[in-house]
Each structure stands twice: as C-alpha cells, then as structure tokens.
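Before any comments, here is the structure.
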Amino acid sequence: MTSPQEKLLPATRRALLHRIATAQAEGRAPSLVAAVVRGGKAVWHGSRTSVDGHGPDENVQYRIGSITKTFTAVLVLRLRDEGVLDLGDPLEKHLPGTGAGEATIAELLAHTAGLAAESPAPWWERTPGSLRPELADVLGEQPHRLPVGRRFHYSNPGYTLLGALVEELRGAPWEEVLRSELLEPLGLHRTSAQPQAPHAGGWAVHPWADVMLPEPVENLGRMAPAGQLWSTAGDLARFAVFLAEGDPRVLSAASVLEMRTPAAPAEAEDVAAGAAYGLGMQIQYRDGRNLVGHSGSLPGFVACLTISVEDDLAAVVLANCTSGPLTATVAADLVRIVAEAEPRIPDPWRPLPEVDQSLLELTGPWYWGTHVAALRLAADGGVSFGPLSGNGRRSRFRANGDETWTGLDGYYAGELLRAVRRPDGSVSHLDLGSFVFTRQPYEEGAPVPGGVDPEGWRGIR
C-alpha cells in the first residue's frame, strides 16, 4: 500500500521539508510539525526539532490557541441550523444579563460586537482561569470599546460569550458539548481541552540568546472557548477537510461555506493586507489565492490551519514557542508549494445525465438595456448568470424548483431570479431583483420599465 508520504512527488516533498526546516531554524523553535492535506486526506507531514531523535509526529499535541474559536463557531452554527437561534438574534434573547446583550450572535462570531480585545488585567493567557470565575470578570465594567456592529475588532471575550451561549442552550459544559457534537463525530480523538501525552511543552526563547524558559500551562476557565484546545497536526488535517467540505453529522457544506464567507467590514489596513473575517474563520488573499482558516497563539505555542478550497489543499503548522516562526506565512507557503508544483487536476468534463428542456431554453444571452449577460445551467440544477466576458455582475444561483433561483454570491447574493412566461407558456423575460432581462436589447412588446420607443432602432437622420 502506498503511504501518504509517497503521494507527493519527491521534489515537492523536499521543498516542503526545506520550508519547515528554514522556519524552525530561523524562527528558533524548539520543535515544529506540519501537515499538508489534498483530496480529503493528509498527503505529507514533516517535523523539525532541536533535540536529536525526538522529532514530533502528527499525533503529538500542541496548544492551538485561537483556532479554538473556529470549533466554538461550529457549535453555534449547529444551534442555528437546528432552529434554536437565529444569527440575527441579540445575545440578550438567549443569554440575558451579560451587559453585552445588544450585540447579535453574528456580530460576536464576526468580531463586530465592539467588545474589548482582552479581559481585564491580569493577562488572561498567563494566569489561572479561576481568577475570572464569572462572565462579569471576563467582560469587566465596560465591555465595549467601539459601537456595536460598526467595525471589525478582534475580541477574545466575545468568544467567551459564545461559549457561554452554547452552555446555556445545551445545558452542558462547553467542553462536553464540543466533544459529543464535534470531536467524536469527526474522529478528532487527539483534540482535548487538557493536554494528553504525548504533548509538547511550551517554551519562551530569549530574543537575544539561544536559551529557553518554560511557559506556564494555565487552564483558561471561562475563556476556554476562545483558546483552550490542544490538538495535533493529524487531527487538524481532518478538521481542515471538514471546514472545506462539511459533514452532515456535524455541519452542512452550505453552513461551512457561510463560515468561510467574509462577514466583517474590513478596515483600510485589512484591505491592504488582503485580510477579512467570516464567522469564526480568518480569510486572507495571498499570492492570488483565497485562504481560509485560523491562526492561534498562547504563551509557549503558535499555530495555523489554512485552506485553499479551489486548490483542494490545506496546511497545518504547529510550533512550541511563544514567538518564532510565522506559522500563517509558513502554512500559506506549504499550500503554494504544492499548488505550483503539482496543480490540481480538474475533474473530467461530463455531460449532464438529463436536462429539463424548459430550463435549457432559458440558457444563452439576455439583455438588460444594452448590457448582455449569459445564463448557464450548472450540474447541480442551479444556474450562473453574468457577463459573457470581462468584469461585471456575476453570480451563482440555487434552484428553488419552481423556475426561480436564489443568488448565492456576488452582487445578486440573496436576490431572486425568476423566469416570467406568457399565457401561452413561452418565456417573456427574466426578472432579477426588479431588473428585466429580454432576449433582445429593448425588445419590442416586452415589459421594459419606461417602455420602448415605438419607432425602434434607427440611424442618424
């Protein structure tokens, strides 16, 4: 049987090893472990260590910090999909009395609730969670720093509130809900709230000398939903597959796509950096590639999980140092190395097994005024609609089963596309959010807003 290590070309494997070796050496990390995922499974893993003969493998736990937030977001989306809550609900509706209940659940997920970035002193990442036993201890006397809903402002206490929301609606501790609803169904048996051997120790490396200091390992208590988890390269590789494809046992493909979709207004510096935030997931545009996932850090550890859905690739990088390798950059580089050396081979084109002739007649060019757009059938029964070439309003649509389609992305996201027929059954026009598209520009007899000049098209007289 071919091992996962042999599924990438030797030159690609060496390039990946070179990248993590450089990261470990230049970042002065006591150890670093990485994995690459393609085709729904791990196809490569590698590690580097400062101790000969003790290189970590994909089953060694590291603390993953804020990647925990993505796990918490999945639990919240499950509640939404079950109809227990709506993302537009104010937190106060389900978790009253926090002092931050004006913010909606979506705003908490997207870090637009205006809450403080951190809990009140002392620094929560390096002190016991027992110092903050209640939500009031996490939020402080003035939870907000900015107006609710106005801008992106990363907030660790915001995810503490989401964890408390999960506990309130499930009637069980966040850790128990996480294990039963996410970790066990996905087979993430090496992901846990407390470290389980074998696990790496966390270290601080002196900035001006090659010496180290052990970092304390704290139980974060109430702050756990924001950054408590320990995991492995192997488990995070499996989690990456789920975040790209969904799993009906946990969350649908449509819901994980929603998590990966920008939900927070970006600041100028975020736009310049090509960064955005979805619902519990960071979004980055790097080297012409759309990358989604999350980074994480806690004293003694840095981590990153990143996914390129279009390339069918993901990468995980974990290291046990407080500051050192830029794991987000390394993970993006691992994706790029494989994507460039062994680009994804497209699935074969195949004709549709069957087609509804009444839908087939809707395909082709349609005119809004003098602008031409084309409607094309998709294999899943939906359609795409947009310019024949170049830039313009272009969207994919989901079929509703009654000659209407709902926009999935782009300008027409959420808008209704409808085929309007004449009394004899022939197609009159398409209606898209009040825009009338006809088979000919300003077609005579069509219900074009403002009417059509009865003299028709003409030259200069």
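Just so you know, all these numbers are worked out from the coordinates, no wet-lab data involved. Quick caveat, the model's predicted, so the values are computed rather than measured. Here Cβ is always computed from backbone atoms with ideal geometry, including for glycine, and neighbour counts include all displayed protein chains.
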Peptides 240-252, 201-213, 399-411, 148-160: what's the order by average Cβ count within 10 Å, highest mean first? 148-160, 240-252, 399-411, 201-213
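Let me spell out the model: positive unit charges on the Cβ of Lys and Arg, negative unit charges on the Cβ of Asp and Glu, origin at the Cα centre of the chain. What dipole size does that give, in debye rounded to 20?
On the way: 41 positive and 55 negative charges, 182 e Å.
Taking the Cα centre of the chain as origin, the dipole is about 880 debye.
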At a Cα cut-off below 21 Å, give the lysines reachable from Lys7, other chains included and same-chain residues fewer than 8 away excluded. Lys41
Residues whose built amide H sits under 5 Å from the amide H of Ser428, excluding neighbours closer than 5 in sequence, are Val420, Arg421, Arg422
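Hand me the chymotrypsin sites (Phe, Trp or Tyr not before Pro) from region 293-370 located in a DSSP loop with no more than 13 other Cβ atoms within 10 Å, in residue order please.
Values: sites: Phe301, Trp349, Trp366, Tyr367, Trp368; in loops: Trp349.
Qualifying residues, ordered by number: Trp349.
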Counting each DSSP H run of 4 or more residues in the chain as -39500 (n - 2.57), what helix-only mean residue ellipticity at 222 nm follows after dividing by all residues, to the nearest 500 deg cm²/dmol? -7000 deg cm²/dmol
Sequence order, region 101-108: Karplus ³J(HN,Hα) from phi using 6.51 cos²θ - 1.76 cosθ + 1.60, θ = phi - 60°, Hz rounded, Gly and Pro as x, gives x, 5, 5, 7, 5, 4, 5, 5
Considering the options His111, Ser130, Asn156, tell which one lies farthest towards the positive end of the dipole of region 104-181, charges being +1 on Lys and Arg and -1 on Asp and Glu at the Cβ, about the Cα centre. His111
Sparse-neighbourhood loop sites, GluC sites (Glu not before Pro) in region 113-194 - DSSP loop, at most 12 other Cβ within 10 angstrom: Glu134, Glu141
Pull up all non-local amide H partners of Ile283: gap of 5 or more, or a different chain, and H-to-H distance under 5 Å with H placed in the peptide plane. Ala276, Tyr277, Gly278
Hey, can you grab everything whose amide H is under 5 Å from the amide H of Leu251? Only 5+ residues off in sequence or another chain; H modelled, so Pro and N-termini drop out. none
Taking the dipole of region 236-307 about the Cα centre (Lys, Arg +1; Asp, Glu -1; charges at Cβ), the one of Ala276, Cys304, Gly288 that reaches farthest to the positive side is Cys304
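What size of dipole, in debye to the nearest 20, comes out for region 100-241 about its Cα centre when the only charges are +1 on Lys and Arg C-beta atoms and -1 on Asp and Glu C-beta atoms? Walk me through the numbers on the way to the answer.
Working: 10 positive and 17 negative charges, 60 e Å.
Dipole magnitude for region 100-241 comes out near 280 debye.
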Between region 307-364 and region 264-282, the Cα center-to-center distance that results, in Å: 20 Å
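Please report the relative contact order for region 4-341, taking Cα pairs under 8 Å with a sequence separation of at least 6, and give it as a percent rounded to a whole number.
25 percent
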